[in-house]
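Here is the structure we will look at, set down as structure tokens.
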Amino acid sequence: MTPHEMGRLQKYLRSKFDNNRFVLKPMKTDPDALEVYLGEEFIGTLYRDDEEGELSYPFQMAILEEDLPDL
């Protein structure tokens, strides 16, 4: 993923969630993927998907049961 794409995606996430703490970092194992952080906490991965000329950026976030608050 290019630095330009990373910048655009980071700006989008910050704007969409009204939170400037989103930080994107390249994944060392996949040039078409980014690690998504909220501050210092890793929260998910973002992938570049260019299928049949349609470009999209799927975001995947796992929520562990142990991280959920009790009600």
Being in contact (Cβ under 8 Å) with a residue 24 or more places away in the chain and surrounded by 15 or more Cβ atoms within 10 Å (Cβ to Cβ) is the filter here, so list the residues in segment 27-71 that pass it. Ala33, Leu34, Val36, Leu46, Arg48, Tyr57
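Table: residues versus (1) of a type outside the set (Asp, Glu); (2) in contact with a Phe, Trp or Tyr (Cβ under 7 Å, 6 or more places away or on another chain); (3) modelled with pLDDT of 95 or more.
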{"site": "Thr2", "(1), (2), (3)": "yes, no, no"}
{"site": "Glu5", "(1), (2), (3)": "no, no, yes"}
{"site": "Arg8", "(1), (2), (3)": "yes, no, yes"}
{"site": "Tyr12", "(1), (2), (3)": "yes, no, yes"}
{"site": "Ser15", "(1), (2), (3)": "yes, no, yes"}
{"site": "Met27", "(1), (2), (3)": "yes, no, yes"}
{"site": "Arg48", "(1), (2), (3)": "yes, yes, yes"}
{"site": "Glu51", "(1), (2), (3)": "no, no, no"}
{"site": "Gln60", "(1), (2), (3)": "yes, no, yes"}
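The values are calculated or read from the model by the stated rules, or taken from the named source; none is laboratory data. Nothing here was measured: the structure is a model prediction, and the numbers come from that model. All Cβ positions, even for glycine, are placed from backbone atoms using ideal geometry, and neighbour counts span all protein chains on display.
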